[in-house]
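Enquirer: One structure coming up, written as C-alpha cells, with questions to follow.
The values are calculated or read from the model by the stated rules, or taken from the named source; none is laboratory data. None of the values given here were measured: they were computed from a predicted structure. Glycine also receives a Cβ, built like all others from the backbone with ideal geometry; neighbour counts cover every protein chain displayed. We work out accessible area using only protein heavy atoms, side chains counted, and drop any ligands, DNA or RNA first. Shrake-Rupley method; radii C 1.70, N 1.55, O 1.52, S 1.80 Å.
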Amino acid sequence: MAVAIVILLIALGSIAFHFWSPWWWTPIASNWQGMDDTILLTFWITGFVFVAICAFVAYCVWKYRYQKNRIAEYKPEDKKLETRLILITTLGVIALLAPGLLVWNNYISVPDNAYKVEVVAYQWGWKFRLPGKDGVLGKTDIKLINDENPFGLNLEDSYGKDDLLVDEGELHLLLDRPVKFELRAIDVLHNFYVPQFRGKMDMVPGMITYYWITPTRIGEFEILCAEYCGTGHYAMRGLVIVDKEKEYNKWEAKQITFDKMFAKNKNNKNLQLAKNTK
Amino acid sequence: MSDEYEHKLEAKSDYVSDASSGTSASDIDKLPPAELPDQELYHSHSWWTTYVFSQDAKYIGVQYACTAIGTGILGLVLSWLMRLQIAFPGLGLLEPSAYYQFVTMHGMIMVIYLLTALFLGGFGNFLIPLMCGSRDMAFPYVNMVSYWMFLVAVLVLLSSFFVPGGPTGAGWTLYPPQAITSGTPGHNMGIILMLVSLVLFVAGFTMGGLNYIVTVLQLRTRGMTLMRLPLTVWGIFVATILALLAFPALLVGGLMMTLDGLLGTSFFMPAIVSMGEQLKYEGGSPILFQHLFWFFGHPEVYIVALPAFGIVSDLISIHARKNIFGYRMMVWAIVGIGALSFFVWAHHMYVAGMNPWFGFFFATTTLIIAVPTAIKVYNWILTLWRGNIQLSLPMLFSLGFIVTFLNGGLTGLFLGNVTVDVPLSDTYFVVAHFHMVMGIAPVLVVFGAIYHWYPLITGRMLNETLGKIHFWITFVGSYAIYFPMHYQGFIGVPRRYFEIYDSPYIETSTMGLNVFITVAALIVGAAQLLFIYNLISSARLGKKAEKNPWKANSLEWQTPEMPPAHGNWGKEMPKVYRWPYDYSVPGAKEDYIPQNVAPSAVTEAKVEKS
Ligand code: HEM
Ligand SMILES: [Cu+2]
Ligand SMILES: [Cu+2]
C-alpha cells in the first residue's frame, strides 16, 4: 500500500519542486526564446504523461492489490487499445518534434548581416578575433601558430592584416546586432557556452564550427567550456560583455590589429635575440 | 481479442490443438519431433573444473555476476568520492586529475563492466539455457573462455590504477585528441590499458554472444517456438545481436586510437598545438571517432535496457498473476527498438560540430524510437491493471523501475529534440537523464531479478526485511539524487566539472542542493552494502525456498531439482505446450499453468493463446 502512496507523492512532489524550488534557468539574454519555449512545451506534455502514468500505477497497485480469492483478468491482447495508444503517442511526439525542428532550422541558418567573431579555445582559455575594418576574417592555419603569430594567421592573406586580436579572455558584443561565432580550437575539443545565450557548439581542432545569436540584454555573462578538455576544463572561464553602441565602440577602438601585434612581437623577439647574443 | 486474430493464431499453431475439443490426450498434446539429438555435455571431474574452470552456463553466469558486481562496488565507491568533492570542495579531497580519472573509470565500469557484463554474461548465461529448455549453452567451452577473457579485461582495467600517470581521465567517451594529449591525466599508459581492456572485453563478449544466439536459435526444447519464449530471453537475445553489431565499432575505434597514441598515425588527430608545442599529427578527424564511438554507444544503451525490459516484463507478469499484456507487441517493440537504435547515434553529437543538417534526421529517428518505447511502458502498466498484485520484493523493484524509467525516458524527449538539446547538452541535465534511464532503472531491475531468481540459484530466499529497507532507500533515495539534478542543468551547470565554484550565473543555493544530493548518494550507497550483506548471509542462513516459490510458468522453475543440476533436466527433456504467461486462466484450478503442462492435464482451462 505504501508504494501506491509513495508513487503518488513522487509525482506530486516533482510538480511542487518544479514550480516552487528556487532553481530555474538563468534569464535569457539572446534571441533564442524559441528554445525556452520548446522546453516549456516539452515540460507540459511530458509532465502530464508522467503524472498520469504515475497516478495510474498507484491506482492499480491500490485497487488490484493481492487478495487470495481475486482472479486476475485473462486478456492476452487488445488490438484496438494498442492501436489507439500508438496513435496518441505518435501525435504527442509530432507535437514536440515539429516546433523543435523549426527552431533548429533558425539556429543553423545564419542571417546575412551577422557580424563575424572568431572564438579560439585552447587549454585552458579563450581568445577572440574580430574582422576589423574590411569586415572579413583572414585565413588561419594551426600549423602557422607560433610566438609571433599566436592565432596562426596566414601572412599572405591581406584580409587578415586588419583583424583585431583580443587575447584577454574578455569579449564585447554590440547589443541587438546578430553575431556569428566562428569557433576554432587549437589543441583538443572545447565548447563555447554562455548559459544566458542558450547556444552551444563544440570547437574541434582542424575545422571551423559556428552558431549565431543576437544579444538582447546588456550585462556581463560568464563563458564556460562545455566540452571536456582535460584537467583545466572546469576552470576554463571567460567573459562576454554586451554593450550599447558607445561603450562598444570605445572598447573596439582599443583593440590591436594583427599587423601591429605581429610587428611588435617580431620586435620583441629581435630584442630578445639581441639581448641573448650580447 | 478480435476474431480475425484468433484465426491466425490457430492457423499458425497447428500442432497444438484446442484444449476443449474432445480428442484423446495423446492427440491434443502432440508436439513436433526433436530436431537435434540430446546435447552431449562435458562432465567435470575435479573441484577445479566444477567450480573454477566451469563449463556449466549456470556457474559461468554466477562467475560473471560476481565479477561484475565486485567491479560495480568500485564504481560506487568512486561515485562517493566524486560526490564528496562536488559538495565539499573545501575539504580538498581530490585533485582535479583524480576527479577526472574517477569520472572516467566510474562511467566505464558502470556501463560496460557492471551492467553489460551482468545482464548478458550473468543473467544471459544463467537463464537462457534454462528458459529455452536446453541442457547448456551451445558451446560450453567457448563460454568458459568468454568468462576468463572478461576477468582478464577487468584485471587490466584495474591495473591501470597502478601504472605511472594512473588510469585515463578522458571521460568514458574517450574522445580524442584529449584522450592522448598531455592535458589529460593518464594520457599515455592509462588510456592504452583502457583500450586494451576494452578490446579484451569485446573479444570475450563475442564468444559469449555467439553462444547465446546459437543457443536461442538452435537449442530450444520441443514445442518452444520463438513466440513462446519469455520476454527475458527476447530481451537478452536482441541485446546480444545489438552488441555483436555495435562492439566492432568500438573495437576499431579503440584500435585506431591505440595506433594514434603509440605509432603516431593520424586517424583521429588533426594538426594541433598542444601546450604551446606543434605535434606531428596531421589530417585526422576527431569527429570520426565520435561517430564510431556512438555507433557503438547508443546501441549500448539498449544493450543494457533491452534485457532490463524483458526481465521486468516477466517480473511484473508473474507477481501480478496476470499474463503480460500484448506479448506480440512487446516482442516487436524489442526488435523494433533494437533495429532503430542503429539509426539514432548522432543524437549524442548535435552540438559536436558535425554537419548541422544531420540534426533534422537524427532528431526525427530519435523521437520515432520513443513510440515503441512508450508502448512497452503502456503494456507494463496495462499488465498491472486488473491484475492481482503481490507486493513482493521483485514487484516493488519493478514498480520502482517503471517510475524511474518513465522519468528518464521523458527527459530523453528533451534531449532527443535537437533544439532543446542545445542548451541542455553537456550539463547536469544530461547526467540526471542518463543516470535515471540507464543507471538507476536497469539497476532496479537487476535487484528485482536477483530477489526473484536467488532461490533458483541458491535454494534459499533472501531476507525480506533487509530487502524492503534496501528497496525503499534505493528507490526513493536515487530519485532524490537525480530529480533535482535536472534543475542544475537548467541553470547551466556543465557536467564533468571538478569544482562548481561561485559564479554569477549560479545561485548560491545551488551549492546547498549539491550537499543534499551528496548526502542522498552516500545513504543510497550504504544501502547497497546492506544488499551485499543479504546476498552473502542468505546463501547459508536464508529461509529454505520451496520449489517454484513464486508459482511461475517459465521453464527455469520446472527443473527436477532446485537449484537445477548439471544438464538442467535430468533424463527427460521438458516439452513445451504453451506461452509462459498463462496466469489466472479462467476455469483452471491454479492461477498458473507452467509451460510444460500438457493441455490434457488442464482440459478445464479456457486458454486463449498458445
Ligand atoms: C547512486 C549511484 C551513482 C552515483 C552517486 C553516481 C554519480 C556520478 C557522478 C558524480 C558522476 C560525474 C558527473 C560529472 O562530473 O559530470 C557520474 C558520471 C557517470 N555515471 Fe554515475 N553515479 C551512480 C551510478 C551510476 C550507474 C548505475 C551508472 C550506469 C550506467 C552510471 C553511469 C555514469 C556515467 C556513464 C557517467 C559519465 C562519465 C563521464 O562523464 O565520462 N552511474 N556518476
Ligand atoms: Cu573544456
Ligand atoms: Cu543515444
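Enquirer: Before we move on, is residue A:272 farther than 19 Å from residue B:493 by Cβ and without any contact (Cβ under 8 Å) to a residue 12 or more places away in the chain?
Expert: Yes: the conditions hold for residue A:272.
Enquirer: Now a separate question. Among the numbered criteria (1) at pLDDT 95 or above; (2) open to solvent by 10 Å² or more (accessible area, probe 1.4 Å); (3) not aliphatic (A, V, I, L, M), which single criterion is violated by residue B:212?
Expert: So the condition that residue B:212 fails would be (2).
Enquirer: Can you confirm whether region B:371-378 contains a residue that is modelled with pLDDT under 95, part of a helix (DSSP H, G or I), farther than 30 Å from residue A:34 by Cβ and facing chain A (nearest Cβ under 9 Å)?
Expert: Scanning region B:371-378, I find at least one residue that is modelled with pLDDT under 95, part of a helix (DSSP H, G or I), farther than 30 Å from residue A:34 by Cβ and facing chain A (nearest Cβ under 9 Å), so the answer is yes.
Enquirer: Please state which of the following conditions residue B:431 fails to meet, knowing it meets all the rest: (1) within 11 Å of another protein chain (Cβ to nearest Cβ); (2) within 15 Å of ligand 3 (Cβ to nearest atom); (3) open to solvent by 10 Å² or more (accessible area, probe 1.4 Å).
Expert: Here residue B:431 meets the rest and fails (1).
Enquirer: Farther than 30 Å from residue A:146 by Cβ, without any contact (Cβ under 8 Å) to a residue 12 or more places away in the chain and more than 13 Å from ligand 3 (Cβ to nearest atom): does that describe residue B:356?
Expert: When the stated conditions are applied, residue B:356 passes them.
Enquirer: Further, regarding this structure: Among the residues of region B:587-610, count how many are under 37 Å from the mean Cα position of the chain (by Cα) and outside any loop (DSSP other than H, G, I, E, B).
Expert: 3
Enquirer: Taking the stated definitions as given, is residue B:329 within 13 Å of chain A (Cβ to nearest Cβ) and within 16 Å of ligand 2 (Cβ to nearest atom)?
Expert: Considered against the rule, which asks whether it is within 13 Å of chain A (Cβ to nearest Cβ) and within 16 Å of ligand 2 (Cβ to nearest atom), residue B:329 comes out as no.
Enquirer: Something else now. Can you tell me how many residues within region A:188-200 are more than 8 Å from chain B (Cβ to nearest Cβ), farther than 16 Å from residue B:290 by Cα and in a strand (DSSP E or B)?
Expert: 1
Enquirer: Just to verify a result, which residue in region A:201-220, among those that are away from ligand 1 (no atom under 16 Å from the Cβ) and within 13 Å of the chain's Cα centre (by Cα), is nearest to residue B:289 (Cα to Cα)?
Expert: The residue in question is A:203.
Enquirer: If we keep just the residues of region B:452-504 that are among the polar types (S, T, N, Q) and facing chain A (nearest Cβ under 8 Å), which is farthest from the chain's Cα centre (by Cα)?
Expert: Filtering region B:452-504 for residues that are among the polar types (S, T, N, Q) and facing chain A (nearest Cβ under 8 Å), the one farthest from the chain's Cα centre (by Cα) comes out as B:503.
Enquirer: Does any residue of region B:523-541 turn out to be without any contact (Cβ under 8 Å) to a residue 40 or more places away in the chain, open to solvent by less than 70 Å² (accessible area, probe 1.4 Å) and away from ligand 1 (no atom under 16 Å from the Cβ)?
Expert: no
Enquirer: Please indicate, with yes or no, whether at least one residue in region B:305-316 is within 22 Å of residue A:229 (Cα to Cα) and either in contact with a Phe, Trp or Tyr (Cβ under 7 Å, 6 or more places away or on another chain) or within 16 Å of ligand 2 (Cβ to nearest atom) (or both).
Expert: Checked against the condition, which is being within 22 Å of residue A:229 (Cα to Cα) and either in contact with a Phe, Trp or Tyr (Cβ under 7 Å, 6 or more places away or on another chain) or within 16 Å of ligand 2 (Cβ to nearest atom) (or both), region B:305-316 yields no hits at all.
Enquirer: Anything in region B:402-418 that is more than 20 Å from the chain's Cα centre (by Cα) and β-branched (Val, Ile, Thr)? List them, or say none.
Expert: Once the filter is applied, which keeps residues that are more than 20 Å from the chain's Cα centre (by Cα) and β-branched (Val, Ile, Thr), region B:402-418 yields only B:418.
Enquirer: Which condition number in (1) over 23 Å from residue A:207 (Cα atoms); (2) open to solvent by less than 30 Å² (accessible area, probe 1.4 Å) is the one that residue B:268 fails?
Expert: Result: residue B:268 fails condition (1) only.
Enquirer: Oh, and also: Surrounded by fewer than 19 Cβ atoms within 10 Å (Cβ to Cβ) and either outside the structural domain of residue B:425 (by TED's automatic domain parsing) or more than 20 Å from residue B:409 (Cβ to Cβ) (or both): does that describe residue B:326?
Expert: The answer is no for residue B:326.
Enquirer: Filter region B:481-517 down to residues that are open to solvent by less than 30 Å² (accessible area, probe 1.4 Å) and small (Gly, Ala, Ser) and give me whichever is farthest from residue B:531 (Cα to Cα).
Expert: B:503
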